[in-house]
Every structure is written in structure tokens, then in C-alpha cells.
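The values are calculated or read from the model by the stated rules, or taken from the named source; none is laboratory data. Quick caveat, the model's predicted, so the values are computed rather than measured. Cβ coordinates were reconstructed from backbone atoms using ideal geometry, including for glycine residues, and neighbour counts include every protein chain displayed. Side chains included, ligands, DNA and RNA excluded: accessible areas come from the protein's heavy atoms. Shrake-Rupley method; radii C 1.70, N 1.55, O 1.52, S 1.80 Å.
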Amino acid sequence: MCLAPTAGAQQADDPGARLGDLLVGEMARLQVETRPVADVAFTAADGAPTTLDAFAGTPVLVNFWAPWCAPCREEMPQLSDLQAEMGGETFKVVTISVGRNRHDTMDRFLRDVGAENLPLHTDPGSRLSGAMGVLGLPVTVLITAEGQEIARLQGAADWASPEALALVRHLSGT
């Protein structure tokens, strides 16, 4: 499914409007729309409450997933590869498990698919995912350093593909 950018995303000062030439291959399925990110708490990997504001100043790719999600099993190793290649001071992959999943189950899932370098953030009450309009899994949301959502993709994608890497380089300014 390929959706055209909304009218608001076509404004010159809109960061989503600058994605046009990067929407190729699987990245053509991105739904481009600039909107604020929900200020709703989730649980960080260390067990403390946090919000997406904690990542302010760094572009992030937020992936909502669950260990029972078959497409997530396919996608998580690619997100892990993306984090290994591009993650750092100028970009981060932020994975958030949705629902009341047991920590040992989530940990085993990440280990089994070879994605142990991804953070184990959780949204046990699905409050953040609900506020962000996540209706199915996986959903990946691209957020600018200024905290604006600029695009999202419903379903699995190869986030280690050349097209995804070009998009992340654009987002991170590298």
C-alpha cells in the first residue's frame, strides 16, 4: 500500500515534504504525515517510566512490536542491523513491546531472532501505542530530532535495505 503525502506534508517547511525522492522500494509504503508525538509514558529498558521526549535532539525510528507477532520476527533482525550500522549519537532505533508480555519471553524472542542489541522498552498498558494510533503490529514511526513524527509504516519492512539506510541518513543528517 502506498499513500501519497497529505496536503500538509507538501509544505516546504514540513520535514516530511523533503522525503519524496527517498520513498522508493519498500520505503514507498511509508505514510508521510507530520504530526506531534504523543507525550505518554512507557517503561524504559531499565524499568523506569519515560516518554519519547527522552530522545529529543536525536532522530529515532520507533518500532512497536510484540513477541507473538510473526512479521515482527522477520523484521527485528533488520532493525538490529540498522541499529548496529547507524545507531549512535545521531540516530537511534527504539523498540517498544506492546501489551503485557513477560520480560523473559521478550528477552528470549530478541535472543532467538538475533536482535539482542535492541532496547527492551515496553508499553504494557498499550497507552503510548494507543495514543499514537497503532492498530496492528508491527508499526514503525520515524521521528525527527525536534520530536515530530514525519512518517510511519504499517507492517514489516527491510530496515537494513539500501533504501532504508538512505532514508535514515537523510533523517539523521549523515
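In segment 85-97, the residues that are buried (at least 16 other Cβ atoms within 10 Å of the Cβ) form Cβ pairs under 8 Å with partners that are assigned to a strand (DSSP E or B) and charged (D, E, K, R), at six or more places apart or across chains, as follows: I96/D123; S97/D123. Within segment 71-84, if we keep just the residues that are crowded, with 22+ Cβ neighbours inside 10 Å and not aliphatic (A, V, I, L, M), the residue that is farthest from E163 (Cα to Cα) turns out to be C72. All of (1) more than 24 Å from R73 (Cβ to Cβ); (2) under 11 Å from the mean Cα position of the chain (by Cα); (3) among the aliphatic types (A, V, I, L, M) hold for A151 with one exception: (1). Scanning segment 92-133 for residues being over 28 Å from T174 (Cβ atoms) and assigned to a loop (DSSP other than H, G, I, E, B) gives a total of 8. Within segment 16-34, the set of residues being touching an Asp or Glu at 6+ places or on another chain (Cβ under 8 Å), under 17 Å from S172 (Cα atoms) and open to solvent by 30 Å² or more (accessible area, probe 1.4 Å) comprises L22, T34. Pairs linking a residue in segment 160-174 that is closer than 18 Å to R29 by Cα to a residue that is exposed (fewer than 15 other Cβ atoms within 10 Å of the Cβ) and not acidic (D, E), with Cβ atoms under 6 Å and 6 or more positions apart or on different chains, are E163/V24.
How many residues are open to solvent by 40 Å² or more (accessible area, probe 1.4 Å) and out of contact with any His (no Cβ under 9 Å at 6 or more places or on another chain) when one looks only at segment 35-47? Number of matching residues: 6.
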